[in-house]
Structure formats: structure tokens, C-alpha cells
Ligand SMILES: Cc1cc2nc3c(=O)[nH]c(=O)nc-3n(C[C@H](O)[C@H](O)[C@H](O)COP(=O)(O)O)c2cc1C
């Protein structure tokens, strides 16, 4: 895996502030998995928190409920096909990381893997909120470690050095947008 820089925790929200689709990875009892999640958001600065919808039918839900942890990885445009694949197949049908050749690297604090080739990673510990988990499939979590690919994110800003290394946003039916140009107001 390429070099990562640690992102100061109160700045971790910047990794999600522009609304990218993410990969949610999880692990428990010798099993690991990854799925796509467009319904995610940053929730707080310090301690940093995130929110993500994890449907009851997913294997991810089972592993996140069992472990109390997950990782959000921010995929690049180059990984759009992988993102669609992990979002349309279930890990119940076999290890998607292996099947799709998605590399996983050990995280620093949680048991779920960081997905290789992504632009940024947030290691998360679930904040138990049984009512909203059951009623809305919504999980809140504290970000306990955050990392970024330094050519793409540094000094508290995304840079997107080329077309392939942009984050992506999901529409539907295999249709994505790539993050556009930054501008200052
Ligand atoms: C681009 C994309 C975004 C998705 N966003 C979400 C989401 O926010 N929440 C969710 O529960 N499922 C979402 N899905 C569906 C899951 O990724 C899908 O159900 C996946 O197959 C679950 O995998 P698993 O059973 O291995 O956990 C999305 C799918 C795609 C393709």
C-alpha cells in the first residue's frame, strides 16, 4: 500500500465534507467484507463522528453489529467499477475482497481493513443507538483514526492531481459523477 498521512482527528470531517460515495469495510470472527455506501455524512468535528446507512439485509450489517467497528474508505474514479461491484454483490456469496481483487491492509485501531488504492480512510467505532439503527438502518460512529493519500489530500484540502484520482458520487444504475473543480468564494 502507498504511503498514507495521518489526518488530525478534528479535520477528519474534511475527508467526507464534499459528499463522496464510500466503501464500508468490516470484519468479525475471521470474516471480512466491503460494500458501497452513498448515504454517508460527516457529523461532528471533535470528537469526529460520521453517519452511514447500512441496510439490514447486508452482510456488512451483521459484521458491523457483531464487531462494533467499520472503516470508510474513499474510492477513486479508477475504482468506480470496484465500487459498483461491491455494491451489487453480497459477501454472503463469497469473500468479495478476494473475488474482486480488492486489497485490504490492516487498520491502526479497528479490525476492519483499509481498502487499498483509495484516497482516504476513516477508522470508525460504532456509537450504539439501537432505535435509529433498527428504525432507519442509520449507524453513528466515532472516527478513531483518519488517513489520506498525500498527493490527493494535504494541508486540509483535496487536490485531485489527475482525472482518475478524483472521488466519486453515485447517481443510480451504474451512473457516477467524479468530484469537480474546487473554487474559492
Ligand atoms: C454506489 C452504491 C451505493 C450504495 N449505497 C448504499 C448505502 O448507502 N447504504 C446501504 O445500505 N446500501 C448501499 N448500497 C447497496 C450495498 O452496497 C449492497 O447491498 C451490497 O451488496 C451489500 O453487500 P454485503 O451484503 O456484502 O454487505 C449501495 C450500492 C451502490 C452500488
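Brief remarks follow.
- Three semi-axes of the equivalent ellipsoid, the range 21-95, Cα gyration tensor, whole Å, largest first: 19, 17, 10
- Under the simplified labelling scheme, the residue 109-residue 172 pair shows an inter-label distance of 3.7 nm, with each label point 7 Å from Cα along Cα→Cβ.
- Counted residue by residue at 0.36 nm each, then reduced by the alpha carbon distance between them, the extension gain from residue 31 to residue 137 reaches 36.0 nm.
- 73, 25, 154 arranged by Cβ crowding within 10 Å, fewest neighbours leading: 154, 73, 25
- Sequence of 53, 24 once ranked by neighbouring C-beta atoms within 10 Å, starting from the fewest: 53, 24
- Spin-label pair residue 85/residue 129, simplified geometry with 7 Å Cα→Cβ offset, distance in nm: 3.4
- Ordering 116, 149, 93, 181 from the fewest to the most neighbouring beta carbons within 10 Å gives 181, 93, 116, 149.
- More than 27 angstrom apart: percent of Cα pairs within the range 5-178: 16
- Full extension of the chain between residue 100 and residue 183 yields a length gain of 26.3 nm, computed as 0.36 nm times the residue separation minus the alpha carbon distance.
Coordinate-derived values only; no laboratory data. Since we're looking at a predicted model, the values are computed, not measured. Ideal geometry is used to build each Cβ from the backbone, glycine not excepted, and the neighbour counts take in all protein chains shown.
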